[in-house]
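Peer 1: First the structure, then my questions, so here it is.
Laboratory data are not the source of any read-out in this text; all were calculated from the coordinates shown. On a predicted model such as this, the values are computed, not experimentally measured, just so you know. Please note: Cβ atoms are built from the backbone with ideal geometry, for glycine as well, and neighbour counts cover all protein chains shown.
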Amino acid sequence: MSDATGVAVCGTCPRRCRIENGRFGACRARRAEGGRVVAANYGRIASAALDPVEKKPLAFFRPGSFVLSVGSYGCNLRCPFCQNDGISQHGGDEVACRTATPAELAGLAERLREERGNIGIAYTYNEPLVGWEFVRDCAREVRARGMANILVSNGCASGEVVAELAPLVDAANIDIKGPSQEYYDWVGGDFASVCRTVETLHAAGCHVEATTLVVPGRNDKDADMDAIAAFIASVSPDIPLHVTRFFPRWRMADASPTPVATIRRLADVARGRLRRVLAGNCP
Ligand code: SF4
């Protein structure tokens, strides 16, 4: 889509970047070419590993199994505490990638099923929805092989993108980073879109879990967690919530990690509304 001046407009996420020909959008994964926006990171694999499904994190979807986890580069958010900034906050020229077609990746997933018990593909590490076309095409190939698709996302995408992918996704972990648009203003996102993504995936029958990373001084009040849990409970009180610790990274490299006691306290707050709450990455 392009506007009256010929500048391409991206509809993949709420930023709705206006991109001049040859330039990248804010996520550094999508580029304008010939008046339309394309995924420049299509088929570009920056990271791949066979991970325990619990590492996604998913605690209640085929526990004990392994999933081929793949990621590219780019992200539409700017969380100062990004735990994966090496691939999420850089563009293609700065990230070493190998290339793969959807059929090649699904074929690898299938071979790993025979050899290592792999259950499918997890789209993760960077923000997969900024390259949603590759997720869609891989997901179709994976489904055709009788395997599972797992989406690990910040959920900040347009309703159209999520609606197209939802029938292809078996399980998802969606970040609910904070309780309000005020918090999402800090990380460069859109709270309403994230909520809609959770609702859409759940309504489509996808197994949904959520993650809240607790950043000291930012979203560590009881009222913050209660608001997050209240939203999740409004979709379903059975959606599992992972309450996880922040560790110093990227633009918050000088901050202190979230105290374990804070995580345990907030997990208890969330248990007031939700049946399955996990205190993640705590000793
Ligand atoms: S997906 Fe990327 S290019 Fe598209 S609107 Fe979002 S940040 Fe901009």
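Peer 1: Residues with beta-carbon under 14 Å from that of residue 252, excluding residue 252: net charge, scoring Lys, Arg +1 and Asp, Glu -1?
Peer 2: +3
Peer 1: Under the 0.36 nm per residue contour assumption, what length would be gained going from the current alpha-carbon distance of residue 253 and residue 23 to full extension?
Peer 2: Taking residue 253 through residue 23 to full extension adds about 79.8 nm, to one decimal.
Peer 1: Along Cα→Cβ, 7 Å out, is where each label goes; now give me the distance between the ones at residue 160 and residue 9 in nm to one decimal.
Peer 2: It is 1.0 nm.
Peer 1: For a quick check: with amide H placed at 1.01 Å from N, whose amide H comes under 5 Å from residue 21's, ignoring anything fewer than 5 positions away on the same chain?
Peer 2: Result for residue 21 returns 8.
Peer 1: In straight Cα distance, which lysines are under 25 Å from residue 221, not counting same-chain residues fewer than 8 positions off?
Peer 2: Once the sequence-local lysines are set aside, what remains near residue 221 is 177.
Peer 1: Hey, another quick one. Using per-residue counts of other Cβ atoms within 10 Å, averaged over each peptide, order 129-139, 175-185, 189-199 from highest down.
Peer 2: In decreasing order of mean packing, 129-139, 175-185, 189-199 become 129-139, 189-199, 175-185.
Peer 1: Roughly how many nanometres apart are two label points built 7 Å out from the Cα toward the Cβ at residue 16 and residue 93?
Peer 2: According to this spin-label approximation, the distance is 3.0 nm.
Peer 1: Follow-up question, since we're still on this one. May I ask you to compute the full-extension gain from residue 62 to residue 114, defined as 0.36 nm times their residue separation minus their alpha-carbon distance, rounded to one decimal in nm?
Peer 2: 17.0 nm
Peer 1: For the chain, give the share of DSSP beta bridges that are antiparallel, in percent and rounded to the nearest 5; count only bridges with both residues there.
Peer 2: Working: 16 of 41 bridges.
Around 40 percent antiparallel, to the nearest 5.
Peer 1: Taking neighbour Cβ counts within 10 Å as the exposure measure, how do 45, 150 sort from fewest upward?
Peer 2: Details: 45 18, 150 29.
Lowest count first: 45, 150.
Peer 1: Does the chain come out rounded, prolate or oblate, given a ≥ b ≥ c as the square roots of the eigenvalues of its C-alpha gyration tensor, rounded meaning a/c under 1.5 and, failing that, prolate meaning a/b above b/c?
Peer 2: oblate
Peer 1: Any idea which of 266, 150, 217 is furthest toward the positive side of the dipole for the stretch 42-279, if Lys and Arg beta-carbons carry +1 and Asp and Glu beta-carbons -1?
Peer 2: 266
Peer 1: Between the stretch 1-78 and the stretch 230-283, what is the separation of their alpha carbon centroids in Å?
Peer 2: Cα centres, the stretch 1-78 to the stretch 230-283: 26 Å.
Peer 1: Can you check what the net charge comes to around residue 185, using other residues whose Cβ is under 14 Å from the Cβ of residue 185 (Lys, Arg +1; Asp, Glu -1)?
Peer 2: +2
Peer 1: Based on Cβ point charges of +1 for Lys and Arg and -1 for Asp and Glu, what charge dipole magnitude is obtained for the chain about its Cα centre, in debye rounded to the nearest 20?
Peer 2: With Lys and Arg at +1 and Asp and Glu at -1, about 220 debye.
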